[in-house]
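Here is the structure we will look at, set down as structure tokens.
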Amino acid sequence: MMEKMIFGRFIPGDSLVHRMDPRAKILFVFLFIAIVFVANNAIGYAILLGFTLLVVFLSKIRLYFLINGLKPVFILLVFTFFLHLFFTREGDLLLSIWVIDIYEEGLRQGIFISTRFLVLVFITSILTLTTSPISITDGIEILLGPFKKIKLPVHELALMMSISLRFIPTLMDETGKILKAQMARGSDIGSGPMKERVKAVVPLLIPLFVSAFKRAEDLATAMEVRGYRGGEGRTRYRQLNWRIADTLSLVLLAGLTAILWYFRT
Amino acid sequence: MNSGILSFENVTFTYNAEDEKVRPAVANVSFSIQQGEWIALVGHNGSGKSTIAKLMNGLLFPGEGNVKVMGQAMTEETLWEIRSQMGMVFQNPDNQFVGATVQDDVAFALENNGVPHEIMVERVHEALSQVKMEDYKDHEPHHLSGGQKQRVAIAGALAMRPKLLILDEATSMLDPQGRTEVIETIRRLRESTGLTVISITHDLEEAALAERIIVMNQGRKHVEGSPTDVFKRGNELTEMGLDLPFAMRMTHLLQEAGVNLQEEHMTDDELVDELWKFYSKA
Ligand SMILES: Nc1ncnc2c1ncn2[C@@H]1O[C@H](COP(=O)(O)OP(=O)(O)OP(=O)(O)O)[C@@H](O)[C@H]1O
Ligand SMILES: [Mg+2]
């Protein structure tokens, strides 16, 4: 189940979208989220859907893979659809079965809202699927750069993020080891009533915490020895380069806004 | 006296200086290290080796005495300058890997010291080729073996082109292969660059490779000398909780069993050679 989940995962590749500057992609997603709300009729939503599919196509991520990986999200989507379908009571009555009345406006709202939801999920997934977490971190650090003026610790936040990302696999391994060690001592996490299982997690978490603190201490020493003293006067090894394609992607988004605005009723 | 690249003069350090009952972790230690030497610092657990390493690069400051690096006294002002000239590698390969990939990690010290991007790229490449890890530059740490991670850590320490490399039990968590890889790397580095190396270790076989050994016992410097001189003290070292190299233990056991061996042997090869001679004479 977890293997299939693609939410927040990165799939390396070499598409146009993969090669984009992470800053451009992050800006793109944020602007897109705002632009989605311009659409308010069938044509508008159809254009949005078409545009999203175009982006998916450009990212060379298979639609089937995307849909399959987002299954849990679709449950939510279907739920939203029916919520609107059953509970909006405007417009003409289309259908009446037993206690359920379906109105025209309900159907419209249901379709619109779930389309909106769908395009948002697709576009944000494309961002995380095509951009490595470390590039996203770099992008965020540079985009938030101006906020350093108001004393927002941008560099520190970005470093925290990248170190956390770096330690996820290490801590996962460690959890596995501790789990096996506790199992060898007769602890049983996989079965029994809920209360027992929660209790069995405690002896797993405590050693994990202790070792995480030890690691943090070692890491801090290693960083200090290598001359780390905050963001001041630091240079960057990873360089981002903004290319024409990145500017064009934002121009494309402006075009989309104009079209949506034109068809808006 | 020539104070060399690094010197300790009557250095004493206590972790909880207020508490009278605590004995100093390092007591009245003096030594000096010359440019290009390979020094091994050995001693039992808790004998103060890591504390000495921390005093060397200003993670700790001595309570009494002086630490001098490249003629400069270690102070708050000279600290960062000195650190940039000194690489340090620690025991746990996982806990010193800062970057997301090998090359990012190697670049970390360069970034901290504000080195311009073009020079950084060169230096990262140079450091990685010195430890033979160029092919792994885009790898993430969890896809590397312990020995490879330690070699990356060495590259990270070398990126600033330091004069001095300190290894605090850098091989103790590795398997035999990883250990050989790391030791080979250091040996090669010394040949090609004449780097000064201080290796802190439990392992006397590793210490036997150094030019000079400093033995620590309960926070004090016990003896200092060439491996041959130090190992002559045999039982004295064993009583302090150190393991003699295998070849030496073997020699002693053979001598006790009445085999008339002539010399002390530090490496397996030397012992095997004499055994051959012995065998052909008999
Ligand atoms: N952070 C600390 N706070 C208080 N006491 C400490 C601290 N670190 C070390 N000590 C004490 O100082 C003494 C020397 O420790 P040190 O870590 O230098 O020994 P070591 O020779 O490196 O040992 P090992 O071989 O176990 O690494 C020990 O008695 C230890 O308990
Ligand atoms: Mg130690």
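Coordinate-derived values only; no laboratory data. Quick caveat: nothing in here was measured; it's all calculated off a predicted structure. All Cβ positions, glycine included, derive from the backbone under ideal geometry; neighbour counts span all protein chains shown.
Sequentially through segment A:10-22, phi angles give Karplus couplings (6.51, -1.76, 1.60; θ = phi - 60°) of 10, 10, x, x, 9, 8, 3, 5, 4, 7, 5, 5, x Hz, Gly and Pro residues having no value and appearing as x. Between the helical axis of A:154-184 and the longest alpha-carbon principal axis of chain A there is an angle of about 70 degrees. Considering amide H positions built from the backbone, and no H for Pro or chain starts, which residues 5 or more places from residue B:89, or on another chain, come under 5 Å of its amide H? Hits under the 5 Å cutoff: B:166, B:167, B:168.
Here's the picture: charge each Lys and Arg Cβ at +1 and each Asp and Glu Cβ at -1 in segment A:155-225, and of A:164, A:187, A:216 the one pushed furthest to the positive end of that dipole is A:187.
Note on the protein assembly as shown: Rg/Rh from Cα positions, Kirkwood definition for Rh, rounded to two decimals, is 1.12.
Residues whose amide H comes within less than 5 Å of that of residue A:103, counting only those at least five positions distant or on another chain, are A:94 (H built at 1.01 Å from N in the peptide plane). With the convex hull constructed from alpha-carbon coordinates only, segment B:98-244 shows a mean projected area of 9.7 nm² over all directions.
With respect to chain B, whose longest principal axis is taken over its alpha-carbon atoms, helix B:268-281 is tilted by about 20°. Debye-formula intensities of chain B, expressed as log10 I(q)/I(0) at q = 0.10 Å⁻¹, are -0.58 (one equal scatterer per alpha-carbon, no solvent).
Please give the per residue volume of the convex hull enclosing the alpha carbon atoms of segment A:101-183, rounded to a whole number of Å³.
It comes to 210 Å³ per residue, whole-number rounded.
The angle between the Cα long axis of helix A:194-225 and the longest principal axis of the Cα atoms of chain A comes to about 70 degrees, rounded to the nearest 10. Helical content of chain B, expressed as a calculated mean residue ellipticity at 222 nm, amounts to -11500 deg cm²/dmol (DSSP H runs of 4 or more residues, -39,500 (n - 2.57) each, divided by residue number, nearest 500). With kT/(6 pi eta Rh) evaluated at 10 °C and eta = 1.306 mPa s, and Rh the Kirkwood radius from Cα pairs, segment A:97-241 diffuses with a coefficient of 78 µm²/s according to Stokes-Einstein. For segment A:155-225, the alpha carbon convex hull comes to 101 Å³ per residue, rounded to a whole number. The helix-based estimate of mean residue ellipticity at 222 nm for chain A, built from -39,500 (n - 2.57) per DSSP H run of four or more residues and divided by its residue count, is -23000 deg cm²/dmol to the nearest 500.
Close amide H contacts of residue B:25 (hydrogens built in the peptide plane, cut-off under 5 Å, sequence separation of 5 or more or a different chain): B:13, B:14, B:15.
3J(HN,Hα) along segment B:55-69: 6, 5, 10, x, 6, 10, 10, x, x, 10, x, 10, 10, 10, 10 Hz, from the Karplus curve 6.51 cos²θ - 1.76 cosθ + 1.60 with θ = phi - 60°, whole Hz, x for Gly and Pro. Across segment B:222-237, rounded Karplus estimates of 3J(HN,Hα) from the backbone phi angles (6.51 cos²θ - 1.76 cosθ + 1.60, θ = phi - 60°) give 8, 9, 8, x, 5, x, 4, 4, 5, 5, 4, 6, x, 4, 4, 6 Hz, Gly and Pro being marked x. Here, segment B:1-96 has an Rg and a Dmax of 13.7, 41 Å when only alpha carbons are counted. How about residue B:137: which lysines have a C-alpha closer than 22 Å to its C-alpha, ignoring those fewer than 8 places off in the same chain? Those lysines meeting the cut-off are B:149. What nm distance separates the two modelled labels at residue A:16 and residue A:30, each placed 7 Å from Cα along Cα→Cβ? That separation, rounded to one decimal, is 2.4 nm.
Assuming charge only on the beta carbon of Lys and Arg (+1) and of Asp and Glu (-1), the dipole of the protein assembly as shown about its Cα centre is about 1920 debye to the nearest 20.
Averaged over peptide B:104-111, the number of partner chain Cβ atoms lying within 10 Å of each residue's Cβ comes to 5.
Summing Cβ point charges (Lys, Arg +1; Asp, Glu -1) relative to the Cα centre of segment A:1-117 gives a dipole of roughly 640 debye.
Along the axis of the charge dipole computed for the protein assembly as shown (Cβ charges of +1 for Lys and Arg, -1 for Asp and Glu, origin at the Cα centre), the listed residues A:145, B:247, B:178 are led at the positive end by A:145.
Just so you know, the Cα atoms of segment B:212-282 work out to an Rg and Dmax of 13.8, 47 Å. What the Kirkwood sum gives for chain A is a hydrodynamic radius of 22.5 Å, with every pair of different alpha carbons counted.
For segment B:59-192, what is the charge dipole size about the Cα centre, in debye to the nearest 20, if Lys and Arg each add +1 at the Cβ and Asp and Glu each add -1 at the Cβ?
I would put it at about 460 debye.
Look at the alpha carbon pairs under 8 Å that are at least 6 residues apart: their mean separation over the length of segment A:86-164 gives a relative contact order of 18 percent.
Cross-link partners for residue A:177 among the lysines, with Cα-Cα distance under 19 Å and sequence neighbours closer than 8 places in the same chain left out: A:199, A:214.
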